[in-house]
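Structure, as structure tokens:
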Amino acid sequence: MQNNTFSTLFVGQNLIKLKEVDSTNNFLKELVSKSEPLAEGTVIMADNQFAGRGQQQSVWQTQAGKNISTSILLKPTFLPLDKQFYLNMAVSLAVNEALSHFIPEGLSIKWPNDVYYRDKKLGGILIENTLTGNTIKAAVIGIGLNVNQLEFAENISQRATSVIQILQTETFLMDIMEKIFIFMEKYYLILRVGKYSILQNDYLGKLYNFGVKALYQNNGAIFEGTISGIEENGRLKVDTIEGLKSFNFKEIEFTHTK
């Protein structure tokens, strides 16, 4: 379905709405793989996503019709492979800034790209790149946000939150979507012109636990550390009693254990 009601140049101008799908990322990747070219900025939005995925194949649970389950197609062919994580920064910042128009304080980005409100997860981002040689041919940006869901499964209720729990009022999903589209373009254009330092600085400024002593877990061992930065390849830099260490995705866990 073509939709030109958003005040954007390309993100969201081709919006495909689905009632139900296993995963918006899977659906969009399948469309991209077909021979007919798909416009950059194409968005897939589903009322119900019954097999959504998070980082490292973890499951993203969502209540039908209450939340945002969407995927956006970008074509960052200009981005060097060794700078892929800057796309992650741009997308994370876009979602953070979009939400800040509804939730004025308490938002942060939990490395690498979870959306946090205080110490609870508000949403997550999954970026899947398709490579051709040394070029990123396509990037499918999956975004899941808890918006109007009041209750969560018992096993995650202490770690998850939603916009309605924070604001105590429902929010129209398309209002948030439009802000995401607007800020996705903003940060994507910053990425396109190679202003990596802006992305790095802004990302660190929003990073959960940045510069704060906290407890982490690595291979079952709990240690105290302070996040001091992000390497260009996306690894997390943590100052520990044993010196500066860097961790890849899933090598380190945040913990609130005291």
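The values are calculated or read from the model by the stated rules, or taken from the named source; none is laboratory data. Not measured: the values here are computed from a predicted model. Glycine also receives a Cβ, built like all others from the backbone with ideal geometry; neighbour counts cover every protein chain displayed. Protein only, heavy atoms only, side chains kept; ligands, DNA and RNA dropped before computing areas. Shrake-Rupley method; radii C 1.70, N 1.55, O 1.52, S 1.80 Å.
What the table shows:
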item: Whole-Hz ³J(HN,Hα) from phi, Karplus 6.51 cos²θ - 1.76 cosθ + 1.60, for the stretch 180-196, glycine and proline x; result: 4, 4, 4, 7, 4, 5, 4, 6, 5, 6, 4, 5, 4, 8, x, 8, 5
item: Percent carbon-and-sulfur accessible area, the stretch 31-178, ignoring ligands, DNA and RNA, probe 1.4 Å; result: 48 percent
item: Too-long pairs where the Cα-Cα distance tops 31 Å, listed order kept, from Lys19/Lys179; Lys17/Lys237; Lys83/Lys245; Lys137/Lys213; Lys120/Lys245; result: Lys17/Lys237; Lys137/Lys213
item: Furthest towards positive pole of dipole, Phe210, Met177, Gly12, structure part the chain, Cβ charges; result: Phe210
item: Heavy-atom accessible area per residue - the stretch 14-206, 1.4 Å, Å²; result: 44 Å²
item: Option label - Kirkwood radius over Cα pairs in Å computed here, alternatives [x] 18.8; [y] 20.1; [z] 21.9; result: [x]
item: Relative contact order (%) - the stretch 14-206, alpha-carbon pairs under 8 angstrom, separation at least six; result: 22 percent
item: Helix-only [θ]222 nm of the chain, DSSP H runs n ≥ 4, -39500 (n - 2.57) each, per residue, nearest 500; result: -7500 deg cm²/dmol
item: Fluctuation leader among Gln13, Gln49, Gln158 - the chain, Gaussian network, Cα springs under 10 angstrom; result: Gln158
item: Spin-label pair Gln63/Thr169, simplified geometry with 7 Å Cα→Cβ offset, distance in nm; result: 1.9 nm
item: FRET efficiency, 1/(1 + (r/R0)^6) with R0 35 Å, evaluated for Ile156 and Asp239 via beta carbons; result: 0.70
item: The chain: most fluctuating residue of Val193, Val140, Val21 per GNM, C-alpha cutoff 10 Å; result: Val193
item: Two-site FRET efficiency, Asn201 against Glu20, from Cβ-Cβ distance with R₀ of 41 Å, rounded to 0.05; result: 0.50
item: Amide H partners (placed H, <5 Å) of Tyr208, local residues excluded; result: Ile109, Lys110, Trp111
item: Under DSSP loop assignment and at most 11 Cβ neighbours within 10 Å, longest GluC sites (Glu not before Pro)-free interval of the chain; result: 1-104
item: Residue with peak Gaussian network fluctuation, the chain [Cα springs, cutoff 10 Å], from Leu15, Leu31, Leu74; result: Leu31
item: Enclosed volume per residue, in Å³, of the convex hull spanned by Cα atoms of the stretch 212-254; result: 63 Å³
item: Long-range HN-HN contacts of Lys120 with modeled amide H, under 5 Å; result: none
